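The values are calculated or read from the model by the stated rules, or taken from the named source; none is laboratory data. Since the model is a prediction, treat every value here as computed from it, not as a measurement. Every residue, glycine as well, gets a Cβ built from its backbone with ideal geometry; the counts of neighbours run over all protein chains shown.
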Amino acid sequence: MDRSHSDSGVGGSGGTAVPSTIKVLVALDESTVSTRAAQEAVRLFSGRDVQFLVISIAREPTPWVPVGGFGLVSVPPPGWEDAARALDEPELAERAKEAGASPAEVITEVGDAVVCICAAAEEHDVDVVVVGGHDKGFLGRLLEPSVSAGVVRGTHRPVLVVSGTPPESR
């Protein structure tokens, strides 16, 4: 078997084909960490034929309604999903443009961030997923689990987790 490097393989490691266009899914929210992740994705993949997809996930509001003596039940208000989609797309496109990931396909979802990011990665057959990694600390992770860790565990695709602090400012 010839393991020499060619343009149709990655480093001669068994002939895995390099896609002509690299699809990069970047998770963006209001945080500076996600903006930094988008900027790093642009920096790492610049000079290549790249298609950026940016995704933002709105959490469903969870108003709790008492049910008899049995406890509380979460009931999302009607129309929430449509309202979240309509409001997020222009802002998300602008954030992607500011980070340099433009033009980008914009994806907005409502639900669990990990589930939505992993599903979008599969649906759009992306080559890499880029997310920001927040340092929440132990208690923070107990209250709100890590999205980046969930995405790493939830997809078979490569995941780039970008820390919130640039190396020069640590």
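For the stretch 92-136, give me each residue that is within 17 Å of R43 (Cβ to Cβ) and outside any helix (DSSP H, G or I). Steps first, please.
If we filter the stretch 92-136 for residues that are within 17 Å of R43 (Cβ to Cβ), which is where we start, we get 95-102, 104, 127-133.
G100, A101, S102, A104, D127, V128, V129, V130, V131, G132, G133, listed by residue number.
Among the candidates E168, E89, single out the residue that is of a type in the set (D, E, K, R), under 14 Å from L28 (Cβ atoms) and either out of contact with any Lys or Arg (no Cβ under 9 Å at 6 or more places or on another chain) or modelled with pLDDT under 85 (or both).
Values: E168 fails: under 14 Å from L28 (Cβ atoms).
Of the residues listed, the single one that is of a type in the set (D, E, K, R), under 14 Å from L28 (Cβ atoms) and either out of contact with any Lys or Arg (no Cβ under 9 Å at 6 or more places or on another chain) or modelled with pLDDT under 85 (or both) is E89.
Checking D112 against (1) modelled with pLDDT of 90 or more; (2) surrounded by 15 or more Cβ atoms within 10 Å (Cβ to Cβ): exactly one of these is not met. Which one?
It is condition (1) that D112 fails.
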